[in-house]
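Readers should treat all values here as calculations from the given coordinates under stated rules, not as data from a laboratory. The structure presented is a predicted model; accordingly, all values stated were derived computationally and were not measured. Quick reminder, even Gly has a Cβ in these numbers, built from the backbone with ideal geometry, and neighbours come from all protein chains shown.
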Amino acid sequence: MSRPTRFLRLAVPAAVIAAGLVTVTGSSGSAAEPRRPYRPPFAAQHGAAKAEFEPNAVLVKFKSKATSSARRAAVSRAGATAADQVSSNVVKVKGDASAPDLLKKLKADPSVELASLNYKRRATAVPNDEYYGTDQAAYLNTVRMPQAWDLSKSTGSQIVAVLDTGVDAGHPDLVGHLVPGYNAVSSTRPNPVDDNGHGTMTLGIIAAGANNVEGVAGVGWNVKAMPVKVLDANGEGYDADVAEGIYWAVDHGAKVINMSLGGPGDNPILHEAVAYAVAESVTVVAAAGNDGSADLQYPASYPEAIAVAATDASGSLTSFSSFGDWVDIAAPGWDILTTGSRALTDPDYLPYWYCTGTSCSAPIVAGVAALVKNKWPTLTPDQVAQRLEGLARDAGPRGTDPYYGHGILDAYAALGGRFAPDFPTAVADGNDQPSRATPVQALEAPVTSTIGSEGDVDWYSFQSTPQLVRVYLQGPMYDSSLYAQNVGPVFTVYDSNLRPLGHAERPAPPVDSHGYEIPMELLAERDVSLPAGTVYIAVRNSNGSRNSRPYKLELVSSGNAPGPTGPAYQLRDVYPANLASGVPAAVAPKVTFARDMDPASVTTGTVLLRDGKTDMQVNAITTYDPATRTATITPQQPLLDNRPYKIEGSSYLYEADGTPLPWFRTVFSTADLAPKALTTFTGSGAYLAANLAWTIPSTNDFDQVIVRRNAGSTAPTPTTGTLVYAGTGTAVKNTGLAQGTTYTYGAWVKDRTGHYSPIAVKRLLGMKSGISVTSTLVNYGAAITIKGSTLRIDNVAYAGLPVNVYVRPKTSSKFTLLAALKTSSTGTLSVTHKPLVSSVYMLTFPGNADLMGTRTADVTVQVRPTISATLSPSSIRLGGTTAFSGYVAPAHYGHPVYLQQYGNKVWRSIASVKLSTSGKYAFGIRPAVRGQIAYRVFFPGDADHAPAYTVNKILTIS
């Protein structure tokens, strides 16, 4: 897109600037001001890891003198098969027995030199930075940063621009990790020098050198960061400077922008700058703000930006974190140790500061965004956001919510790793609506409870006479320097028709002369005039966080005039209850209003159901019963299991008198059911292998398909047998099987909570084949009959099984098909063949949908040539000569044959000739003695043919 026109920096009165531009401040606010830094003690202790190994395999090293047959025999005796060749003497052996049992058997074999379990090793990306183990590991584990570093330790050319107060460029943990930056605040000081400290903190979270022994580890591990100064020494700046910084960063190669700044007030110029960055394929990350309220914060609430909320190291939302439907994701932002400006650090301490605020959570997301962008450089900003948000771990109310957005960042999943379980959520507390209010028994009978979930509202009821009372709501100690979650007590009192009677709130403690909070137990109190009948009191926290420390609610008599009332409450009940879980998928949610409604306003479009993950409206029909004031939402198909849903009412609802109702929403989750079995599970046997395929049913929270096998007819269980496959595919070839064995496979669909579907079973019956020949030594030109059989291992015959007979010359390793036959009713077959050379035969049954494949051993048939012999004349006188001649078929041109003479009970070769092109040979014989002498000709054999002899010829010498 074309670049928008820049705004010139003009010398105008301060009043004009203040009126025309929105001031933005470092979003960490007072909570992110550098606290007194300190050097924590060094600790490098790591818990011992439990060794893991492949469950049904061992590694075996054979003795160098062990023959191939000895090795095969050793593996066979162990009931295993050789799966993978590791080296010339080392092989991985797999079997149905457990790995320790296989190990014991193979270690005892005399041909084995060494044997070991096949241990699992993992790359370790725990950096050696001094403070990693003591101060960083806890919150970086929350986003699974160490596992993510196993997948990627570089952002490559994906430069991260940090728009903030500048940077201490000489900080030893940042040297080498910076590219030239820019100062948008001052045209006379081009270098973005940090005169506040905030910028050095946020940049260090991303770019501090990892694994360099000292200091802290930035989430980018090995990253290049671009400091762009847009805020002044007070941590404040104007949108003009922020927009200028965005344009400069984009134009100078930034691929990710982090803005740990914000404030109220929508500025279209700032919005345009953010949109320009995204249009130029730059991912923009912004801190959600630290107001602890739902007030919109900019630039975080712009749809192009990734708005980041803050949690503590446990994954719980902090009480200062701003919230709203514009929040996209959450990350730790409490006590984040990072680099500090050396010039602003007390000389007694090292320049490492603690950072608290959404200012500190946003850089964690920005650093991971750069790692994702480096791994997949073609991803657009929307696609980067989809990976970060879509693979986040759900936290707080299930599904997307105003507090965590899509959930807490999961760096490992974003970079391609497997998911982790969602963070736990609170259960329904039973008093989320007036219909389930907890009774207050009497005046001066206090009740205590906790804010159990983000946005939780607790309802109480009191049976009253007409009287004046004072309502006290006392929160636990509010100390934002000590607690990440605090309670700002808020209550509203209603009559039986849920009309307001009184309201009070105390959202934050006072501050001292330096602007720091004064820790105290906050008290909200109000005098209220109660009518006769049921009175309701709604209690909530002024910020979005939950809190395990209890509050106290008490009513006492009072004689003072009542105070402000507040708005009426619109609902009597919502079913299922807020945060309810295990709800049947066939549920029809109901909303019961507090007063009569305008029936025309209660429609499918105003009272509706949304998918909690996607926010898409569920196909449902809403009906309204004026007699009970109840709207019923009837889904048109069953809801998905283990899925969050939102019951929502829009601002277009009206009471019968025309009073508009405020927007409302509650959340419930359907029951976590076991997934359905595989739609299909098929298989076909092969030789020493099986081919399996399946169809996965529609599964809301699908994790993977698990396939296991047993040797024999007993089906495995999810924890027995040999693991064949675990993944998201739809087929597998299982190799390394044994011949003559029946295999039974079990397959399950597993969901993300670990539930298994019913088993799908496929059994492949073991088969055996045999082969024989009528003769293993024949003369050239003769025929042999090859006989074979293919039977089930229990000798059951199948007629019509396809069996292939293969032949190869003895000198070749390549078989060719001799005949494709079918078995008889007895499982037998035969074929006649006339081999021309010495040949090797074998037959195979390829297997089918019910039977395993087989292959016979090789059978060798030697072919010897035919040799004719003529001795002429056969009688001679001493001193005379005769000729011994003939032909070899087939002709072996140039091949030697030997004339042999019998004497002293042995045959001796006395002469040799080479065969002619026609295979002819001839020897001349002149004996030196009288008598009878036996002669023959010997063909010594070659690679194609066996040795052969002529018939013996007797020569008489007189």
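Quick notes
- Packing here is the average count of other Cβ atoms within 10 Å per residue, and on that basis the peptides 913-920, 300-307, highest first, run 300-307, 913-920.
- Straight-line reach from Lys646: taking Cα to Cα under 16 Å and skipping same-chain neighbours fewer than 8 places apart, the lysines in range are Lys590, Lys613.
- FRET efficiency for the Ala782 to Arg808 pair, using the beta carbon distance and R₀ = 22 Å, is estimated at 0.70.
- Each of Thr744, Gly263, Thr670 was scored by the projection of its Cα onto the charge dipole of the chain, and the greatest displacement toward the positive side belongs to Thr744; charges sit on the C-beta of Lys, Arg, Asp and Glu.
- Placing unit charges on the Cβ atoms of the charged side chains and taking the dipole of region 53-119 about its Cα centre, the candidate lying farthest along the positive direction among Leu106, Val93, Ser69 is Ser69.
- Distribution of pairwise C-alpha distances over region 680-764, 10 Å bins, in %: 19, 54, 23, 4, 0
- Protection-proxy order for peptides 898-908, 387-397, 261-271, each taking the mean of Cβ atoms within 10 Å per residue, highest first: 387-397, 261-271, 898-908
- Within the chain, helix-based [θ] at 222 nm, where runs of 4 or more DSSP H residues each add -39,500 (n - 2.57), nearest 500: -3000 deg cm²/dmol
- Helix runs (DSSP H) in the chain reaching 20 Å along axis by Cα, Kyte-Doolittle at least 0.0: 358-375
- Per residue, the convex hull spanned by the Cα atoms of region 53-119 measures out at 66 cubic angstrom.
- Sorted by Cβ neighbour density within 10 Å, fewest at the top, the residues Val487, Val58: Val58, Val487
- Extended-chain gain in nm, criterion 0.36 nm per residue less alpha-carbon gap, Arg930 and Thr730: 63.3 nm
- Packing-based order for 177-186, 547-556, using average beta carbon neighbours within 10 Å, highest first: 177-186, 547-556
- Residue order, fewest to most surrounding Cβ atoms within 10 angstrom, among Asp291, Asp942, Asp328: Asp942, Asp291, Asp328
- What the phi angles of region 678-691 give under the Karplus curve with 6.51, -1.76 and 1.60, with θ = phi - 60°, is a coupling list of 3, 5, 9, 8, 10, x, 9, x, 9, 6, 6, 7, 9, 9 Hz, glycine and proline written as x.
- Dividing the Cα radius of gyration of the chain by 2.2 N^0.38 Å, with N the residue count, gives 1.44.
- Contour minus Cα-Cα distance for Asp794 and Val427 (0.36 nm per residue): 126.3 nm
- Charge dipole magnitude, Cβ of K and R +1, D and E -1 - the chain, Cα centre, debye nearest 20: 10000 debye
- Using 0.36 nm per residue and subtracting the Cα-Cα separation, the extra length available between Leu817 and Ser713 on full extension is 34.1 nm.
- Region 739-819: Lys pairs at Cα distance under 29 angstrom, eight or more positions apart or on different chains: 6
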